[in-house]
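Comments concern the structure below.
Derivation of every value follows stated rules applied to the coordinates shown; laboratory data play no part. Quantities reported herein were computed from a predicted structural model and do not represent experimental measurements. Positions of Cβ are backbone-derived with ideal geometry, glycine not excepted, and every protein chain shown enters the neighbour counts.
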Amino acid sequence: MKKYPVLLSIPHGGTEKPKELQEYLSITKHDLFDDSDPYVFEIYNLGEKVQRVITTKIARAFVDLNRSLQDLPPINPDGLVKSMTCYQKQIYIPGKEPDKEMISELIEKYYKPYHRQIQRSLSELELQVCFDCHSMAEVAPNISPDGNSKKRPLFCISNQDGKTSSSEMLEILADSISKSYSIDRNDVSLNEPFKGGHITKTYGNNPVPWIQIEMNRIMYLDKKWFDHESLKMNESRLKELNSSFGKSVDLFFSKIG
């Protein structure tokens, strides 16, 4: 099997609760699910087809790896360590939110190791591109940059308006996704509604091109494949989406050489 010079970062694929926080939580199973990027590991993980895949077990509701170290509560309730989900559901029992000491512990244990893996990969591997892999809600929550219930495209890929990769590379990836998933090219948006988060912004073209990929969850959390009450997913649909992502990477590299 051909191993492509790609690093896949999947920072929001975790679903676990840190044991340090267990007794302080009020968040429900469904609220935690809705705040996460569900099933992104199954969708994007290409295993031995790429140089390396980096992911986490901890849910973004507790430690968001795609935020800066300065993005902390109480200034931002949706920062690195959150107090509310993106749907403004309370995560902790009132008065039991993480204090400064706990926040520092969470950063040391869960946040910094992930970023060290990225930095180590950039120094150890010969890479041509990195993809930061996410999912997005079908309709934007109010807290999002495109809030007020605006419907979203099937894909959004972003490079900070040309700062983290070339525009040509972004266009090639958009064409590859359109063909591999058999969707209209207009359903693959560039830098709208997202321009690329903290990881893409920090590591993009430093020194390797970096592109953020957001797949609309309507592609798999539709009632045809998913039961929201039990949170059970049709595994064949996940395999289909993963296969299409693999084909996207094949096409991408056939065009960039």
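When the alpha carbon gyration tensor of the stretch 1-136 is reduced to an equivalent ellipsoid, the three semi-axes, largest first, read 29, 16, 11 Å. Please list, by residue number, everything in the stretch 226-257 whose backbone N is under 20 Å from a paramagnetic label point 7 Å out along Cα→Cβ of D187. 226-227, 234-252, by backbone N distance to the label point. Here is the tail figure for the stretch 54-121: Cα pairs spaced more than 13 Å apart come to 63 percent of all pairs.
Per residue Cα convex hull volume for the stretch 173-257, in cubic angstrom?
Normalising the Cα hull of the stretch 173-257 by residue number yields 121 Å³.
Straight-distance candidates among the aspartates and glutamates for linking to K109, with alpha-carbon spacing under 19 Å and chain neighbours fewer than 8 residues away dropped: E16, E20, E23, D64, D71, E97, D99, E101. Among the GluC sites (Glu not before Pro) in the stretch 187-257, those placed in a DSSP loop whose Cβ has at most 11 other Cβ atoms within 10 Å are E229. Computed from phi, the 3J(HN,Hα) profile of the stretch 154-163 under the Karplus parametrisation 6.51, -1.76, 1.60 (θ = phi - 60°) reads 6, 9, 10, 10, 8, 9, 6, 6, x, 7 Hz, with x in place of Gly and Pro. Among the listed pairs K151/K224; K100/K195; K49/K247; K2/K247; K151/K201, a Cα-Cα separation exceeding 22 Å is found for K100/K195; K151/K201. In whole angstrom, the stretch 91-240 maps to an equivalent ellipsoid with semi-axes of 27, 25, 16, each derived as √(5λ) from the alpha carbon gyration tensor and ordered largest first.
For the stretch 43-106, trypsin sites (Lys or Arg not before Pro) are listed when DSSP marks them as loop and at most 16 other Cβ atoms sit within 10 Å of their Cβ; the list is K57, K89, K96. Rg of the Cα atoms in the chain, relative to 2.2 N^0.38 Å, amounts to 0.98.
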